[in-house]
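Down below is the structure, laid out as structure tokens.
The values are calculated or read from the model by the stated rules, or taken from the named source; none is laboratory data. Computed from a predicted structure; not experimentally measured. Quick reminder, even Gly has a Cβ in these numbers, built from the backbone with ideal geometry, and neighbours come from all protein chains shown.
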Amino acid sequence: MFYFDEINSKKILKSDLIKDAQIFFTTKESFIKTKEESLSEAVAKNRNDVCDYLKIEHLISPKQTHSDNIAIASDIKDYPDTDALIIKRSDFAIFLNYADCTPVVLYDKKQNIGAIAHAGWRGSAKSIAVKTLNKMNSNPKDVIALIGPCICVKCFETSPEIILELKKTIKDSSGLFSEKFADLKGINERQLREKGVEEIDVCPYCTCCDNNLFFSYRKENKTTNRISAILKLN
């Protein structure tokens, strides 16, 4: 179940399904990613607070391009053209950024390996969450998945062509589509369940409906502010 916690009196979102790693999602209060110069000071402060909270010096984030490229965060460096990171080290944390797209976090409780994938409709159509799971070389039954706050089915109106591409990624598409709408959370959950992942927590919040809590690209006129999914191994 998802619940709110705080870092320095600013809201973050967690799930009680994973207890052996530190995983959370930022909100409009605790955000660590923007292109707006006027907010750069707030972002720097929030990043420092996150690092203090996690007891680390470095936060690593890739250059996201809506691809299905996956990298292992083996060092503190840049990861260009990458939309999923796998981490096996505990001396730094990784984060990916979102403003309607679907954050998918994977944690292998046997190997103590984690990953975050950026699954917008393009990433979902490329099954990036499943590809990330495959690259982790994990037994799906050992993996816990979190599907974070993103645009909900009522708000994600799209084209028949995109709906067709998304339907191709799953065997059972029942309950996930209507004529103009698609359930990105449900699609990623279905992809993972069909792969054999059994423990999945799906966030009930929508970035559009709950725009007071989270940034939304659609609702906020293509905002450059982002919420982030953050993962640190213990």
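Can you name the residue in region 142-162 that is under 20 Å from the mean Cα position of the chain (by Cα) and charged (D, E, K, R) and is also surrounded by the fewest Cβ atoms within 10 Å (Cβ to Cβ) among such residues? It would help to see each step written out before you state the result.
Pass one, region 142-162, residues under 20 Å from the mean Cα position of the chain (by Cα): 142-156.
So of that shortlist, the ones also charged (D, E, K, R) come out as 142, 154.
Values: Asp142: 17, Lys154: 12.
For region 142-162, the residue satisfying everything is Lys154.
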Quiz prompt | Near pairs, Cβ below 6 angstrom, 6+ apart or cross-chain, from region 189-205 (without any contact (Cβ under 8 Å) to a residue 40 or more places away in the chain) to any residue that is surrounded by fewer than 17 Cβ atoms within 10 Å (Cβ to Cβ) | solution = Glu194/Lys171
Quiz item: Only one residue in Lys222, Lys185 is more than 13 Å from Leu106 (Cα to Cα), surrounded by fewer than 17 Cβ atoms within 10 Å (Cβ to Cβ) and either modelled with pLDDT of 95 or more or within 13 Å of the chain's Cα centre (by Cα) (or both), so which one is that?
Solution: Lys222
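Looking at region 129-138, can you tell me whether even one residue there is in a loop (DSSP other than H, G, I, E, B), in contact with a helix residue (DSSP H, G or I) (Cβ under 9 Å, 6 or more places away or on another chain) and modelled with pLDDT of 95 or more? Walk me through how you get there before you give the answer.
First pass over region 129-138, keeping only residues in a loop (DSSP other than H, G, I, E, B): 136-138.
Still in the list and also in contact with a helix residue (DSSP H, G or I) (Cβ under 9 Å, 6 or more places away or on another chain): none.
So far as region 129-138 goes, no, none of its residues is in a loop (DSSP other than H, G, I, E, B), in contact with a helix residue (DSSP H, G or I) (Cβ under 9 Å, 6 or more places away or on another chain) and modelled with pLDDT of 95 or more.
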Quiz prompt | Qualifying strands (runs of 3 or more DSSP E) (wholly inside region 1-43; at least 1 residues being surrounded by 13 or more Cβ atoms within 10 Å (Cβ to Cβ), touching a residue at least 60 places away in the same chain (Cβ under 8 Å) and not hydrophobic (A, V, I, L, M, F, W, C)) | solution = 10-15, 21-26
Quiz item: Can we say Asn211 is assigned to a loop (DSSP other than H, G, I, E, B), modelled with pLDDT of 95 or more and out of contact with any Lys or Arg (no Cβ under 8 Å at 6 or more places or on another chain)?
Solution: no
Quiz item: Between a first residue in region 79-107 that is closer than 24 Å to Ile187 by Cα and a second residue that is buried (at least 24 other Cβ atoms within 10 Å of the Cβ) and aromatic (Phe, Trp, Tyr), which pairs have beta carbons less than 7 Å apart while being 6 or more apart in sequence or on different chains?
Solution: Ala99/Phe215; Pro103/Phe25
Exercise. Could you list, in sequence order, all residues of region 34-59 that are closer than 27 Å to Lys135 by Cα and in contact with a Lys or Arg (Cβ under 8 Å, 6 or more places away or on another chain)?
Key: Leu54, Ile56, Leu59
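Restricting to region 165-182, name every residue that is buried (at least 18 other Cβ atoms within 10 Å of the Cβ) and either among the charged types (D, E, K, R) or on the phi > 0 side of the Ramachandran plot (or both).
Just the residues of region 165-182 that are buried (at least 18 other Cβ atoms within 10 Å of the Cβ), to begin with: 166, 169-170, 176-177, 182.
Within region 165-182, none qualify.
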Exercise. Answer yes or no as to whether Asp16 is more than 23 Å from Cys209 (Cβ to Cβ) and charged (D, E, K, R).
Key: no
Quiz item: How do the strands (runs of 3 or more DSSP E) wholly within region 50-117 filter down when requiring 2 or more residues that are of a type in the set (Gly, Ala, Ser): which remain?
Solution: none
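Being out of contact with any Ser or Thr (no Cβ under 8 Å at 6 or more places or on another chain) and touching a residue at least 40 places away in the same chain (Cβ under 8 Å) is the filter; apply it to region 206-217 and report the residue that is surrounded by the most Cβ atoms within 10 Å (Cβ to Cβ).
If we filter region 206-217 for residues that are out of contact with any Ser or Thr (no Cβ under 8 Å at 6 or more places or on another chain), which is where we start, we get 206, 209-212.
Add one more test, that the residue is touching a residue at least 40 places away in the same chain (Cβ under 8 Å), and what stays is 206, 209-210, 212.
Numbers: Cys206: 22, Cys209: 17, Asp210: 17, Asn212: 7.
Selected residue: Cys206.
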Exercise. Just name the residue that is surrounded by the fewest Cβ atoms within 10 Å (Cβ to Cβ) out of those in region 122-141 that are under 19 Å from Ala182 (Cβ atoms) and of a type outside the set (Ser, Thr, Tyr).
Key: Arg122
Quiz item: In region 81-99, how many residues are among the polar types (S, T, N, Q) and either surrounded by 24 or more Cβ atoms within 10 Å (Cβ to Cβ) or closer than 30 Å to Cys209 by Cα (or both)?
Solution: 2
